[in-house]
Amino acid sequence: MDRLRKLRSSMAANIIGAILALLAIFGLIVSVFGFVSFTDAFKNEYTVSTYHMADTATTLVNGDHLDAYLRGEETEEYERTRSYLDIYCKRMNVSIIYVIEVDRSDYGRFVSVFNHVNNAVDDTSYTAWELGHERETTNDEYRQKYQAIYEQGSPYETVYRIRTNDGLHSHITTMVPVKNSSGDAAGILCIQRPVREIYDARRPYLRSIVFSTLLLSLLASVFAVGYLRVHLVTPIRRVSDEAARFAREGTKGEDLEGISPYKELSGLAASIDKMETDTLRYMENLSTAAAEKERIGFELSLASRIQAASIPSEFPAFPERKDFDIYGVMDPARDVGGDFYNFFLVDDDHLALAIGDVSGKGIPASLFMMVTNIILTDRTRMGGGPGEILDYVNREICAHNSAEMFVTIWLGILELSTGRLTASNAGHEYPALMRAGGAFALYKDKHAFVIGGMEGVRYREYELKLSPGDKLFVYTDGVPEATAADETMFGTERMLAALNEDAQAAPERLLRNVRRAVDGFVQGTEQFDDLTMLCIEYRGGSARTDEPTREE
Amino acid sequence: MLNIIKTVENGKAVFTLEGRLDTTTASALEKELAESLEGVSELCFDFAGLDYISSAGLRVLLAAQKTMNRQGEMKIVHAGEIVREVFDVTGFSDILTIV
């Protein structure tokens, strides 16, 4: 069964099978046609030759005297004819030769005139009829043929008995008219011959047809097998082996092109070649892209660390100072962001505080943020009020702002000994202020235009007096504009509520409260804006003296 | 989501914005403006349907304002309270013509 299934799935076996089946059908058709036409031709030949024999025999019989013979007259002539026919019968190798007169009323009876038997010819056991022996016509076929000869002037009639089932061998009986001197049929002369030659000749003929068909089939299959193997099976196997090898090893193999002169196969081979090349190129591109992505990811994480390190991020930032407490957080929405906060001591008595938000996000914003922070820090360390510092920063940024980006900045300088805060707001969010013991509220300070937007903008300053226990909270729009799934924004109301939840807490705790409130509000909805907060608690000038090593 | 409906006729362009002008939608407005502002001497933004504007949106407005400073004038009409507040906070009120 396994072998059979194997053969069925083999293309070569199927094609060979089909060829063999076709040849068998072809052989059968040829055999049948050959058999039939051969038999016909043979019969024709027999018919004609037997007719000629019979026709010749009639010349021995005097048609005018048949009735006289039956009456017992013309005995001498009858005997002479008898002896001629006897010789004829033996010499011509016929089984029977006989002359009859048929009853022409219905051709149902006849009477024998001459009758000669040669049983040796066909191994028969006939007995010769006597003169005047009467018989019934044996069947309708004979009756019609008798009638045709008597009435329609038929030159001869033939009856074939092929494969008789009465124990006789196949034979042919030919009837010809025995004519009297006026040309009419006076009687009928019949000759019976065996036709065994038909079979004798037919058998080798059939045998040769079968044999040649078989031989042809064999040759065709051998040719088909060889042809298929060389031109079809081998190329296809090579293609399929190559495809399997490629799938296994993933390397370029030998070129299959030119594997076959036939375009179906060479096309397939070319497709496999192209597929290999394309796949390899694709894999290479893919690994290049993956490597590139990894490189960018690595660079970004490094950039992220550099950016984080560019702002103060170690807390407590000034463990030795008791006159203020400060805390800040910066959470970029992506690896790097455009927000920043900064704080540093300009001198022993002046603390600079800054928060900024660059328009846009990601790498461009982060570069802009770094530049801005550096310019701002350097200029602030040189001294002066926030207004003039922002004027300078704006000028510098505008001079090199090819991307038309801008940054909002809130800058404050706190005189620690007195609590006097000088600040300037360049388009940044309103600060939130808490007076000691009170609650946070927005401080609607005077706003000027963003930094980097337009040259020549004047940044005005304002002053604010902080008392011990006062707190100032500054933030970027990532806080109020944190957005929930239903697109509602966190807003300053919720921000103030979060701050006032425990308004007396330290800055670090306050920032955590706001962060927690924002997270609870957005419920995991992805945020697209950076989120930055900075909070300072002013504890008052006297607190500073706690520093034991400090010299005033 | 931001819907931008623009009509440009005889050097006068009107941009009617509906929705949110933020980081994700600002680039679409920037592209529309870049295609339309040539030969325009009067640019009008109708913000009646604008719910929110972020700094990315402000940047596009600033760029448009700078372009229009060279070739004509630009004004903003029907700005809602939230948008107006953003303009105030960022100081954009000082440089934009808000009617």
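Might you let me know whether the range B:11-22 holds any residue that is over 12 Å from the mean Cα position of the chain (by Cα), away from chain A (no Cβ under 14 Å) and at pLDDT 90 or above?
Among the residues of the range B:11-22, at least one is over 12 Å from the mean Cα position of the chain (by Cα), away from chain A (no Cβ under 14 Å) and at pLDDT 90 or above, which makes the answer yes.
If I filter the range A:37-44 for residues that are touching a strand residue (DSSP E or B) at 6+ places or on another chain (Cβ under 9 Å), farther than 30 Å from A:VAL225 by Cα and either touching a residue at least 12 places away in the same chain (Cβ under 8 Å) or surrounded by 12 or more Cβ atoms within 10 Å (Cβ to Cβ) (or both), do I get at least one hit?
yes
Show me the strands (runs of 3 or more DSSP E) found entirely inside the range A:382-467 where at least 3 residues are more than 14 Å from chain B (Cβ to nearest Cβ), under 23 Å from A:VAL371 (Cβ atoms) and among the aromatic types (Phe, Trp, Tyr). Talk me through it step by step, then tell me what you get.
On the way: elements: A:407-415, A:420-426, A:432-434, A:440-442, A:462-465.
Of the strands (runs of 3 or more DSSP E) lying wholly inside the range A:382-467, none has at least 3 residues that are more than 14 Å from chain B (Cβ to nearest Cβ), under 23 Å from A:VAL371 (Cβ atoms) and among the aromatic types (Phe, Trp, Tyr).
Could you check the range B:42-67 and list, in sequence order, the residues that are out of contact with any helix residue (DSSP H, G or I) (no Cβ under 6 Å at 6 or more places or on another chain) and away from chain A (no Cβ under 14 Å)?
B:GLU42, B:CYS44, B:PHE45, B:ASP46, B:ALA48, B:GLY49 - these are the residues of the range B:42-67 that are out of contact with any helix residue (DSSP H, G or I) (no Cβ under 6 Å at 6 or more places or on another chain) and away from chain A (no Cβ under 14 Å).
Restricting the range A:506-552 to residues that are within 60 Å of the chain's Cα centre (by Cα) and in a strand (DSSP E or B), which is modelled with the lowest pLDDT?
A:LEU531
Name, by its number, the condition in (1) closer than 24 Å to A:ARG515 by Cβ; (2) of a type outside the set (D, E, K, R); (3) at pLDDT 95 or above; (4) out of contact with any helix residue (DSSP H, G or I) (no Cβ under 7 Å at 6 or more places or on another chain) that does not hold for A:PRO386.
That leaves (1) as the condition not met.
Among the residues of the range B:68-94, which ones are away from chain A (no Cβ under 14 Å) and either of a type in the set (D, E, K, R) or without any contact (Cβ under 8 Å) to a residue 12 or more places away in the chain (or both)?
B:GLU73, B:LYS75 - these are the residues of the range B:68-94 that are away from chain A (no Cβ under 14 Å) and either of a type in the set (D, E, K, R) or without any contact (Cβ under 8 Å) to a residue 12 or more places away in the chain (or both).
With respect to A:VAL479, determine if the residue is within 14 Å of another protein chain (Cβ to nearest Cβ), in contact (Cβ under 8 Å) with a residue 24 or more places away in the chain and over 15 Å from A:GLY427 (Cβ atoms). Give the steps one after another, and end with the answer.
Details: within 14 Å of another protein chain (Cβ to nearest Cβ): yes; in contact (Cβ under 8 Å) with a residue 24 or more places away in the chain: yes; over 15 Å from A:GLY427 (Cβ atoms): yes.
Yes: the conditions hold for A:VAL479.
Among residues belonging to the range A:212-244 that are of a type in the set (D, E, K, R) and surrounded by 14 or more Cβ atoms within 10 Å (Cβ to Cβ), point out the one that is farthest from A:ILE19 (Cα to Cα).
So the residue we want is A:GLU242.
Being closer than 30 Å to A:PRO155 by Cβ and loosely packed, with under 11 Cβ neighbours inside 10 Å is the filter here, so list the residues in the range A:1-36 that pass it.
A:VAL36
Which of the residues belonging to the range A:138-155 are closer than 10 Å to A:GLY108 by Cα and not in a helix (DSSP H, G or I)?
A:THR138, A:ASN139, listed by residue number.
Looking at (1) free of Cβ contacts under 8 Å to residues at least 24 places away in the same chain; (2) surrounded by 23 or more Cβ atoms within 10 Å (Cβ to Cβ); (3) under 22 Å from A:HIS350 (Cβ atoms), can you tell me which one A:TRP410 breaks?
Only one criterion is unmet by A:TRP410, namely (1).
Would you be able to tell me the number of residues in the range A:429-445 that are at pLDDT below 95 and surrounded by 23 or more Cβ atoms within 10 Å (Cβ to Cβ)?
Final tally of qualifying residues: 1.
Can you work out which of the residues in the range A:341-370 that are in a strand (DSSP E or B) and within 14 Å of another protein chain (Cβ to nearest Cβ) is nearest to A:PHE473 (Cα to Cα)? Explain how you work it out, then say what you get.
Step one: list which residues in the range A:341-370 are in a strand (DSSP E or B), which gives A:341-347, A:350-358.
Subsequent filtering for residues that are within 14 Å of another protein chain (Cβ to nearest Cβ) retains A:355-358.
Working: A:ILE355: 10, A:GLY356: 13, A:ASP357: 15, A:VAL358: 19 Å.
Across the range A:341-370, the extreme among qualifying residues is A:ILE355.
The values are calculated or read from the model by the stated rules, or taken from the named source; none is laboratory data. It should be emphasised that the depicted structure is a prediction, and the values quoted were computed from it without experimental measurement. Every residue, glycine among them, receives a Cβ derived from its backbone with ideal geometry; neighbour counts consider all protein chains shown.
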